[in-house]
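Presented below is the structure to which this report refers.
The values are calculated or read from the model by the stated rules, or taken from the named source; none is laboratory data. Please read all numbers here as calculations on a predicted model, not as lab measurements. Heads up, the Cβs are rebuilt from the backbone with ideal geometry, glycines too, and the neighbour counts pull from every protein chain shown. Areas reflect the complete protein model, heavy atoms only, side chains present, ligands, DNA and RNA absent. Shrake-Rupley method; radii C 1.70, N 1.55, O 1.52, S 1.80 Å.
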Amino acid sequence: MRPFSLLFFIGILFSIYSCRSDFDTVASTGDLKFSKDTIYLDTVFTNIGSSTYRLKVYNKSKNDITIPTIKLAKGLTSKYRMTVDGMQGNKGKSFNNIDLLAKDSLYIFIETTANRTDASPTDFLYTDQIEFDAGTNLQKVELVTLIQDAVFLYPKRFADGTTETLPLGDEKIYGFYLDENDPINGNELVFTKQKPYVIYGYAAVPAGKKAVFNAGSRVYFHANSGLIVGNNASLNINGSKSNSALFENEVIFEGDRLEPQYADVPGQWGTIWLTNGSTNNVINHLTIKNATIGLLIQNNDGTTVSIRNTQIYNSSNYGILAQTAKINGENIVINTAGLASLACSYGGNYEFTHSTFNNEWNSSSQVAVSIDNFIVGAIPEVKDLTEATFNNCIIYGSFSNELSLRKKITAAFTYRFNNCLIKYDATTTNPDYQFTTDNVHYSGIILNQSPKFFNTNLNRLNIDETSGAFAKGNSAYLIPLDILGNRRTTPPDLGAYQNKPFPK
């Protein structure tokens, strides 16, 4: 029994000592190592909180140490805040006597919420330092954030505590009407490049009014936000040719998270919605990024929606969803969407020339172009597709069939593809997809040749001389300048880009 008793006693001692939370440490000697010397918290809008950034602190010595202080150099006035291994410290600004085991590490998480006036007036950078220890042992990690000023547009809050909403059928949505005589912002129907705009909720253009976006305008939409152009209202996007890859004269719509990890995240905001009865809509040199639906165009009043030199990227549902609409599109690029890059649905009238529709969404249900003349359950369920014409276009993607034609014979379904590169299973027996023998619907089709886009992951869908789309266009449909303003040669290349290196 004595060996058993001895083992039992040793086990008790081991259990007691293994549960001890205290240990002997020595003071830090200024030899900490850091995962980064400078933390760049990227660009944030004034008074809008940043994402959380991480710093890892290493004790590579053989000793358990105590760090006497970890604090922000600006103290309690700092616009940064930290947590250290989950601890809040003194309002997230300072921490005392932090123990760190030998060969171990700890995490510091940093955030900021700052105003443009807090930043340097010359470069608009807001800076601070995380200080470790003091005196001869002092070590520092720099903190840097660019604070961008903006015009903020959002629903009004009334004295009774309610918030402005917009009528949507029998429902109401979080939104507001743009005001041409707003006491703070002035004319909210005219967007300029002087400052970026941040929109919360749906901004609506009042009936009889026109929203104008001048060249260089930048608009950032919060989650579940967008723009509505209602009955008898108009949208004019007046971007122009840019001289660099910065697209300085492009009008750009995207989400309001500016950190790099959000650069290509689909579905960050809602849509640009041209509703039933919107009129005289003209879009030129517009880039839309990371929406749920880039452009939602419904039953415009018979006037043609003109879309030129426009790019739409990373939409979680559709790049363009048109329902019983009338669209004339030239030099359009749509890359990657959850359902379809372009959907011409519920009939309508469409003509697209020198446009590139590509879809590499990781789903077997995605297509580059979808066309139909019905909506199940709608009244009426079918509407005439009076025209769907594609000239000198590219319809491509990561799956075998990137074109979808769905029709009900109780309504018109008129379509035509002239000199287009299309990806589709060449062995199909479906009569709607007889690309080489059906001369009524197809002419000059290049089937399943790779366009050899430069880099679809970076939305660079331009081509070179090795592309299957090189010099395959019909000069009868020539648009003289491509989406970047380069002059097309004859015969022209298919798609929105004339073969030429992407601007740097």
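For segment 204-244, how many residues meet the condition of being open to solvent by less than 40 Å² (accessible area, probe 1.4 Å) and in a loop (DSSP other than H, G, I, E, B)? Of the residues in that region, 10 qualify.
Filtered by the rule that a residue be within 17 Å of Ser78 (Cα to Cα) and aliphatic (A, V, I, L, M), segment 32-49 gives Ile39, Leu41, Val44, Ile48. Just checking, does segment 469-478 include any residue being under 29 Å from the mean Cα position of the chain (by Cα) and open to solvent by 20 Å² or more (accessible area, probe 1.4 Å)? Among the residues of segment 469-478, not one is under 29 Å from the mean Cα position of the chain (by Cα) and open to solvent by 20 Å² or more (accessible area, probe 1.4 Å), which makes the answer no.
Taken over segment 102-115, the criterion of being open to solvent by less than 70 Å² (accessible area, probe 1.4 Å) and assigned to a loop (DSSP other than H, G, I, E, B) is satisfied by Ala102, Thr113, Ala114, Asn115. Got a sec? Which strands (runs of 3 or more DSSP E) wholly within segment 262-364 have at least 1 residues that are surrounded by fewer than 24 Cβ atoms within 10 Å (Cβ to Cβ) and touching a strand residue (DSSP E or B) at 6+ places or on another chain (Cβ under 6 Å)? Filter on segment 262-364 gives 269-274, 282-284, 286-289, 291-298, 305-315, 318-337, 340-353.
Is there a residue in segment 186-197 that is more than 30 Å from Ser78 (Cβ to Cβ), more than 26 Å from the chain's Cα centre (by Cα) and of a type outside the set (Ser, Thr, Tyr)? Yes. Summed over segment 128-147, residues that are open to solvent by 60 Å² or more (accessible area, probe 1.4 Å) and within 23 Å of Pro196 (Cβ to Cβ) total 1. Which pairs do you get when a residue that is free of Cβ contacts under 8 Å to residues at least 40 places away in the same chain and closer than 16 Å to Lys103 by Cβ, found in segment 54-74, comes within reach of a residue that is open to solvent by less than 70 Å² (accessible area, probe 1.4 Å) and assigned to a loop (DSSP other than H, G, I, E, B), reach meaning Cβ atoms under 7 angstrom, with the pair 6+ apart or on two chains? Hits for this filter: Asn63/Ala102.
The set of residues in segment 385-412 being farther than 18 Å from Phe352 by Cβ, buried (at least 16 other Cβ atoms within 10 Å of the Cβ) and in contact with a strand residue (DSSP E or B) (Cβ under 6 Å, 6 or more places away or on another chain) consists of Lys407, Ala411. For segment 117-125, state whether one or more residues are at pLDDT 95 or above and open to solvent by less than 30 Å² (accessible area, probe 1.4 Å). Scanning segment 117-125 turns up no residue that is at pLDDT 95 or above and open to solvent by less than 30 Å² (accessible area, probe 1.4 Å).
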